[in-house]
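The values are calculated or read from the model by the stated rules, or taken from the named source; none is laboratory data. All values derive from a computational prediction rather than experimental measurement. Cβ atoms come from the backbone with ideal geometry, glycine included; neighbour counts cover every protein chain shown.
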Amino acid sequence: MATITEIGTNSAYLEYTSSDGFVGVMDILEIYLTNASKGYVFMDSLSDDNNYVFKNVDDAGRPYCIKFRFDTSNNNRIYTELYEYDETNNQLINKTYRSNERVAQPIDLNAGGYFYIFAHPKWFVWYGSSPARQGDWNWGSWTGVFVRERAVGEDATNINYNYPAVAFTSGGHLRGSDGNYRFWGCPRLYYSAAVKTGENASKWSYWSNGLKLVNRNNNNFFDGDPDWFTGQYYAADIIVGYNYQKFGRLYGLKEINSNLGNLMDIVKLKVDANYFLDDTATTETDFFIIPGGSPLRFAIPK
């Protein structure tokens with residue numbers, strides 16, 4: 001029988017056997033996510049034996065849904081699909097581009113396995129075991145959904161503000177060390193006086209488009225590209241950027257140096273109450289390291 005064990009305020013270890021299957025994994029995940037501290041609601045009317053749907057809300061109370069979709073067509077995998085939720089019609093709408101393809105979590109129905117779960121009202125991230133697939137950017141990285149800030153005027157105040165401020169990405173989608181392969185997707189955006197959905201609400205972004213860096217040697221913040229060759233320690237908030245317009249930071253997730261550690265090692269970062277980097281913080285907070293597509297490392301609050 002699948003089990004789940006908390007290993008931090010925002011994290012857990014889920015272990016399953018070959019007999020549990022997708023439903024067994026999802027049933028134990030449901031118990032964990034629907035805890036009052038996490039805020040997720042299981043949507044039974046939208047779920048079945050191959051799809052488990054959970055609803056949550058962003059900072060403004062706008063609903064969105066994560067659908068965990070079981071796919072048996074290619075070695076058994078689980079996609080983390082992100083949608084808006086239409087409360088009036090009880091429907092999933094505006095599926096986030098690429099959340100239903102490429103990067104998925106492996107589930108081993110022959111030998112069993114485990115998932116590391118990182119869950120908070122403002123993010124869900126998971127990383128699944130499969131030794132044969134680790135290191136492959138399609139398989140060997142985390143997938144996640146994040147609430148984001150609303151930092152741009154038209155995004156925050158326009159009449160189209162009835163959509164959730166959330167984004168999907170993965171360690172594989174953020175894999176490029178040169179900044180040329182950094183993808184995020186949203187169910188919907190409002191940009192340049194127009195509603196964007198589907199592929200138009202996603203972006204292959206760049207370092208200058210998406211990151212705020214801090215040199216851990218002196219805690220000075222700066223914008224720009226990291227120098228991959230000097231060995232400087234840094235941590236970065238990740239910002240949803242669209243054609244150099246910065247919509248806001250993703251809650252929880254950080255990018256860090258690839259030489260700071262490996263899966264589930266601890267790195268200590270100075271952050272504020274919302275887990276954004278803050279060089280004035282008087283204490284450091286524990287983050288777990290999670291790998292992305294080579295050579296990247298990311299960190300998520302423990």
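Side notes on the structure shown:
- Considering residues of the range 167-191 that are out of contact with any Cys (no Cβ under 8 Å at 6 or more places or on another chain), part of a strand (DSSP E or B) and of a type outside the set (Phe, Trp, Tyr) only, the residue modelled with the lowest pLDDT: Arg182
- Residue match in the range 68-77 (condition: outside any strand (DSSP E or B), small (Gly, Ala, Ser), more than 23 Å from Gly112 (Cα to Cα) and out of contact with any strand residue (DSSP E or B) (no Cβ under 9 Å at 6 or more places or on another chain)): no
- Leading residue by the ranking (surrounded by the fewest Cβ atoms within 10 Å (Cβ to Cβ)) among those in the range 282-302 that are free of Cβ contacts under 8 Å to residues at least 40 places away in the same chain and closer than 21 Å to Lys122 by Cα: Glu284
- Failed criterion for Leu92 (all others in (1) of a type in the set (A, V, I, L, M, F, W, C); (2) surrounded by fewer than 16 Cβ atoms within 10 Å (Cβ to Cβ); (3) touching a helix residue (DSSP H, G or I) at 6+ places or on another chain (Cβ under 8 Å) hold): (2)
- Selection status of Val57, of a type in the set (A, V, I, L, M), closer than 20 Å to Phe118 by Cβ, under 17 Å from the mean Cα position of the chain (by Cα) and surrounded by fewer than 20 Cβ atoms within 10 Å (Cβ to Cβ): yes
- Filter result (surrounded by fewer than 21 Cβ atoms within 10 Å (Cβ to Cβ) and not acidic (Asp, Glu)) within the range 80-89: Thr88, Asn89
- A single member of Ile66, Ile78 is of a type in the set (Val, Ile, Thr), within 17 Å of Gly21 (Cβ to Cβ) and modelled with pLDDT of 90 or more, and it is Ile78.
- Per this entry, Ile256 is counted among residues that are of a type in the set (Val, Ile, Thr), surrounded by 15 or more Cβ atoms within 10 Å (Cβ to Cβ) and in contact with a Lys or Arg (Cβ under 6 Å, 6 or more places away or on another chain).
- Options Asn76, Asn90, Asn56, Asn50: the member that is touching a residue at least 24 places away in the same chain (Cβ under 8 Å) and touching a Cys at 6+ places or on another chain (Cβ under 9 Å): Asn56
- Considering the range 128-142, and only residues there that are out of contact with any Lys or Arg (no Cβ under 8 Å at 6 or more places or on another chain) and surrounded by fewer than 24 Cβ atoms within 10 Å (Cβ to Cβ), the residue that is modelled with the highest pLDDT turns out to be Ser129.
- Residue tally, condition under 18 Å from the mean Cα position of the chain (by Cα) and β-branched (Val, Ile, Thr), over the range 1-33: 1
- Exactly one residue out of Asp48, Asp44, Asp86 is under 22 Å from Asn162 (Cα atoms) and not hydrophobic (A, V, I, L, M, F, W, C): that is Asp86.
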